[in-house]
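Structure first, commentary second.
The values are calculated or read from the model by the stated rules, or taken from the named source; none is laboratory data. Quantities reported herein were computed from a predicted structural model and do not represent experimental measurements. With ideal geometry, Cβ positions are generated from the backbone for all residues, glycine too; neighbour counts draw on all protein chains shown.
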Amino acid sequence: MYVEMKDICKTFDGFQASDHVSFGIEKGQMAALLGPSGSGKTTILRMIAGLDRPDFGDIRINGIRVNDLPGNKRGIGFVFQNYALFRYMTVADNIGFGLEVQKKSKAEIKTRVEELLELISMEDLGKRYPHQLSGGQRQRVAFARALAPDPGLLLLDEPFAAIDAKVRRELRNWLRDMIERVGITSIFVTHDQEEAMEVANQVIIINQGKIEQIGTPDEICFHPKTDFVAEFIETERFSGKGR
Amino acid sequence: MEQQIVKVKNKKGVRVIPGFGLSMGVTLAMLGCFILIPLASIFISASKMSFQEFTEVVTSRQVMSGYLVSFSCAFLAALINGVFGLILAWVLVRYEFPGKRIMDGMIELPFALPTAVAGISLTFLYSDQGWIGAAFDKIGISIAYTRIGITIAMVFVGIPFVVRSVQPVLEKLDRQYEEAAMMLGAGRTRTFFKVILPELFPALLAGFGLAFARGIGEYGSVVFIAGNIPFKTQIAPLLIMSKLEQYKYSDATAIALALLLVSFLLMLFINSLQIYMQKFSKA
Ligand SMILES: Nc1ncnc2c1ncn2[C@@H]1O[C@H](COP(=O)(O)OP(=O)(O)OP(=O)(O)O)[C@@H](O)[C@H]1O
Ligand SMILES: [Mg+2]
């Protein structure tokens, strides 16, 4: 899916959370929205998903304006920061939820769920409930659940924030490989520059609701366009090492 | 969660919150004075009867029909309260509208009103000549002095329990569950029944249980509208009252004891179901 944001503005009670944001993401790309806390990353992701409405500007998916299309009709997968797994459903039912919505047959759902459980290497855990899983396992279930209905675009809000540093690096590589294997266009939010540089092939740097720079990890690292970017990369490089 | 931590620590003998001994003592004293001793006195006075006498009183036709009226009407009223209490709580939590605070404050009025006052005004409203009763009378439904009337009175006294049980849970419910369902393509109806309702179910069950129990024990607001027609609209608490008025104290306690046992079993069942549901809430 090709995603395009054009001149997007969004205010919350007078506070400008998105300020004339424009960018495009090509099909099959893995883009990172990188910026400090409160810079408006989640806001952008939520507007693409249809969970929030922009005050101004166009959101286009495959060239079609989707501003007025509700989120459940956009065909987008979303992985929430704390996963938002349904507590009263088993892992298998969580993954199958989006398929049930599509009124797929029981047999079809079963095969697809098994396929996804295998993809996330959790074949034997389909009958467990979310509270019986580790943080990393929950994240993988959330990922599988979002992928199940075969969305054209995958959005991930700080997918590794709730996971401790050691598992994080592992999971990060796993996620990148998974997304490459599935071949899905994806955008993920992070405030960790190392994570963005390592996983994404396109990085969008945001500060105070405005885009500072868009480019490949190399371009951002070696040719920062603004002082903010240069400084952000610098300081993050020092403070981010230990993670 | 916090309670669990406290419990674990207590087993090891390390107390996070000081004053456990004192507070436990106060708790037991309160429980003893206000709940256990009065209840025990019922057992003691009932035990003066032989078992045969007891069963004779409890299974007499009048008493059995009283139980049936009380339990069936209270159950129906609690069900109605479950549905409407949930809707009321939903509106109070999820929407902003003028007069919301006032509406919120009105929920407790059935508690504040002396039950007899409620009973008399309900009877006045729903009798064949009352504002609402007259309208229903035209289409051939009489409300006052029937089980419908009893149920309405029980709905009236029970509604705050459901609203106040569900409201805080709904307030704390993370919107992300709904948003996750939406992103998976679900519409509002599916999201409500598959995602929100299971989250609210334990609280709803608690409210249902409280409303049910209140309906079974309710006297003041029900007797007037019930009309107390033998074998038709006599509720169990009324039978107890009339036995007391006839100075048949042991008969009265026998009826009360059976009522108490059944109610206790029902509450036990509802609470166990709730505890079972709560094990999911850890995630
Ligand atoms: N619903 C809302 N109501 C009011 N203000 C909001 C709302 N959502 C976001 N904001 C404000 O908009 C700004 C951007 O928020 P956003 O959540 O997009 O930041 P973020 O970049 O995702 O930050 P973080 O890394 O901390 O998650 C913040 O200052 C926040 O306070
Ligand atoms: Mg955020």
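Within segment A:201-229, which residues are buried (at least 19 other Cβ atoms within 10 Å of the Cβ) and within 20 Å of A:GLU180 (Cβ to Cβ)?
A:GLN202, A:VAL203, A:ILE204, listed by residue number.
So if I check each of B:PHE264, B:PHE193, B:PHE208, B:PHE212, which one is loosely packed, with under 15 Cβ neighbours inside 10 Å, more than 14 Å from every other protein chain (Cβ to nearest Cβ) and either of a type in the set (S, T, N, Q) or out of contact with any strand residue (DSSP E or B) (no Cβ under 7 Å at 6 or more places or on another chain) (or both)?
B:PHE264
If you check every pair at least six apart or on different chains, which have Cβ atoms under 6 Å apart with a residue in segment A:35-52 that is farther than 21 Å from A:GLY215 by Cα first and a residue that is more than 6 Å from ligand 1 (Cβ to nearest atom) and part of a loop (DSSP other than H, G, I, E, B) second?
As it stands, the answer is A:ARG46/A:ASP52; A:MET47/A:PRO54; A:GLY50/A:PRO70; A:GLY50/A:ARG74, since those pairs meet every condition given.
Would you say A:VAL21 is within 16 Å of ligand 1 (Cβ to nearest atom) and in the same structural domain as A:ILE220 (by TED's automatic domain parsing)?
Here the answer is yes, as A:VAL21 does meet what is asked.
Can you confirm whether B:GLU96 is more than 20 Å from B:GLN234 (Cα to Cα) and modelled with pLDDT of 90 or more?
In short, yes.
What pairs come out if I take residues in segment A:133-150 that are surrounded by fewer than 24 Cβ atoms within 10 Å (Cβ to Cβ) and pair them with residues that are small (Gly, Ala, Ser) and in a loop (DSSP other than H, G, I, E, B) whose C-beta lies under 8 Å away, six or more apart or interchain?
A:LEU133/B:ALA283; A:GLY135/A:ALA162; A:ARG138/B:ALA283; A:PRO149/A:GLY75; A:PRO149/B:GLY185
Is it true that some residue in segment A:74-94 is β-branched (Val, Ile, Thr), assigned to a loop (DSSP other than H, G, I, E, B) and more than 15 Å from the chain's Cα centre (by Cα)?
Checked against the condition, which is being β-branched (Val, Ile, Thr), assigned to a loop (DSSP other than H, G, I, E, B) and more than 15 Å from the chain's Cα centre (by Cα), segment A:74-94 yields at least one hit.
In segment A:110-140, how many residues are within 11 Å of chain B (Cβ to nearest Cβ) and among the basic types (Lys, Arg)?
Qualifying residue count, segment A:110-140: 2.
Out of segment A:187-212, which residues are more than 16 Å from ligand 1 (Cβ to nearest atom) and more than 11 Å from A:LEU33 (Cβ to Cβ)?
A:MET197, A:GLU198, A:VAL199, A:ASN201
Take the conditions away from ligand 2 (no atom under 16 Å from the Cβ) and of a type in the set (A, V, I, L, M) and apply them to A:VAL229. Does it pass?
So A:VAL229 passes the test.
Of all residues in segment A:141-170 being acidic (Asp, Glu) and in a loop (DSSP other than H, G, I, E, B), which is nearest to the other protein chains (Cβ to nearest Cβ)?
A:ASP150
For segment A:6-47, what are the residues that are part of a loop (DSSP other than H, G, I, E, B) and away from ligand 2 (no atom under 16 Å from the Cβ)?
A:ASP13, A:GLY14, A:GLU26, A:LYS27, A:GLY28, A:GLN29
Does any residue of segment A:229-243 turn out to be within 14 Å of ligand 1 (Cβ to nearest atom), in contact with a Ser or Thr (Cβ under 6 Å, 6 or more places away or on another chain) and either closer than 19 Å to A:GLY35 by Cβ or of a type outside the set (A, V, I, L, M, F, W, C) (or both)?
Within segment A:229-243, not a single residue is within 14 Å of ligand 1 (Cβ to nearest atom), in contact with a Ser or Thr (Cβ under 6 Å, 6 or more places away or on another chain) and either closer than 19 Å to A:GLY35 by Cβ or of a type outside the set (A, V, I, L, M, F, W, C) (or both).
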